[in-house]
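Enquirer: Take this structure, written in structure tokens, and hold onto it; I'll ask about it next.
None of the figures in this text is laboratory data; all of them are computed from the coordinates on show. All values derive from a computational prediction rather than experimental measurement. Positions of Cβ are backbone-derived with ideal geometry, glycine not excepted, and every protein chain shown enters the neighbour counts.
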Amino acid sequence: MKTLTFWFDVLSPYAYLAFERLPEALEGCTYVAEYRPVLFAGLLQHWGQKGPAEIEPKRAWTYRHVYWLARRHGIELQMPAQHPFSPLALQRLAIACGPNRRVVEALFRHVWRGGADPNDADRLRALTAELAPARDPGADDVKAALRANTDDAIARGLFGVPTIELDGRLFWGVDALPMVAAALTGDAWFDGPAWDEAARARPGVQRRR
């Protein structure tokens with residue numbers, strides 16, 4: 001049985017949609033899922049990118065797009081009261097709980113259902129009580145673990161969330177779920193030269209920074 005790693009930040013609506021879609025998209029596949037929280041901002045900083053919400057036309061498109069995707073797939077979604085917001089408390093809570101599907105589902109739905117403030121103190125206390133983490137989310141070792149996850153993600157080549165890792169390959173975005181399913185069911189394209197050949201650099205002009 002293969003293990004796939006679902007790298008996520010609850011800040012990302014695409015990560016939420018991919019999480020909700022995962023069971024249906026991979027129906028019939030045999031796998032075990034592991035969940036790894038990271039800080040999307042750390043990935044952006046490392047690769048020198050802006051987030052979608054930091055570019056105004058892209059922000060507007062992103063929100064329209066995720067609402068359309070949610071409607072198309074029958075997934076409940078409401079934008080949180082503020083977005084972007086700091087996901088630190090929620091990502092640390094994920095670490096403190098030892099993230100499994102139940103925990104990650106509760107965290108995503110805390111953010112993406114109901115349209116409330118994800119960092120509202122009363123809501124955070126209620127969520128923490130519900131999940132009953134084995135570790136203190138504010139402890140130094142939990143904070144260090146989240147930083148280590150983010151550093152590990154960067155070392156593996158992650159540049160965004162959601163990313164699914166399978167057999168050392170990285171699949172980025174909710175649109176990549178059919179590719180993950182194909183890889184899990186033995187599509188020969190992933191084991192032949194085509195996977196590597198498709199990614200070979202063919203540099204032309206480069207934008208000046």
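Enquirer: What is the ratio of the Cα radius of gyration of the stretch 40-90 to 2.2 N^0.38 Å, where N is its residue count, to two decimals?
Expert: 1.30
Enquirer: Would you kindly derive the ³J(HN,Hα) couplings of the stretch 96-110 from the backbone phi angles with the Karplus curve 6.51 cos²θ - 1.76 cosθ + 1.60 (θ = phi - 60°), listing them in order in whole Hz, with x for Gly and Pro?
Expert: Per-residue couplings from phi come out as 5, 7, x, x, 10, 4, 4, 5, 5, 4, 4, 5, 4, 6, 4 Hz.
Enquirer: Quick one: Debye curve from the alpha-carbon atoms of the stretch 83-151 only, equal weights, vacuum; give me log10 I(q)/I(0) at q = 0.22, 0.23 Å⁻¹ to two decimals.
Expert: Evaluating at q = 0.22, 0.23 Å⁻¹ gives log10 I(q)/I(0) of -0.96, -1.05.
Enquirer: From the phi of every residue in the stretch 8-17, what ³J(HN,Hα) in whole Hz does the Karplus formula 6.51 cos²θ - 1.76 cosθ + 1.60 yield, where θ is phi - 60° and glycine or proline is x?
Expert: Each residue of the stretch 8-17 in turn: 8, 9, 5, 4, 8, x, 5, 5, 4, 4 Hz.
Enquirer: For the chain, what is the mean residue ellipticity at 222 nm derived from helices alone (per DSSP H run of n ≥ 4: -39500 (n - 2.57); sum divided by total residues; nearest 500 deg cm²/dmol)?
Expert: About -15000 deg cm²/dmol.
Enquirer: Please state the charge dipole magnitude for the stretch 42-156, taken about the Cα centre, from unit charges on C-beta atoms (+1 on K and R, -1 on D and E), reported in debye and rounded to the nearest 20.
Expert: The dipole magnitude comes to about 460 debye.
Enquirer: With the chain treated as a Gaussian network of Cα nodes joined by springs under 10 Å, which of 184, 93, 11 yields the largest mean-square fluctuation?
Expert: Maximum fluctuation in the GNM of the chain, among the listed residues, is at 184.
Enquirer: Which translational diffusion coefficient, to the nearest whole µm²/s, is obtained for the stretch 138-209 from the Stokes-Einstein equation, given a Kirkwood hydrodynamic radius over C-alpha pairs, 25 °C and 0.890 mPa s?
Expert: This corresponds to a translational diffusion coefficient of 165 µm²/s.
Enquirer: Rounded to whole Å and sorted largest first, list the principal axis extents of the Cα atoms in the chain.
Expert: Result, largest extent first: 53, 45, 38 Å.
Enquirer: Quick one: what does P(r) look like for the stretch 1-84 with 5 Å bins over all Cα pairs, in whole %?
Expert: 3, 12, 20, 22, 20, 14, 7, 3, 0
Enquirer: Another question, then. Could you pull out every one of the lysines with an alpha carbon less than 25 Å from that of residue 58, ignoring same-chain neighbours closer than 8 positions?
Expert: Cα-Cα hits under 25 Å: 50.
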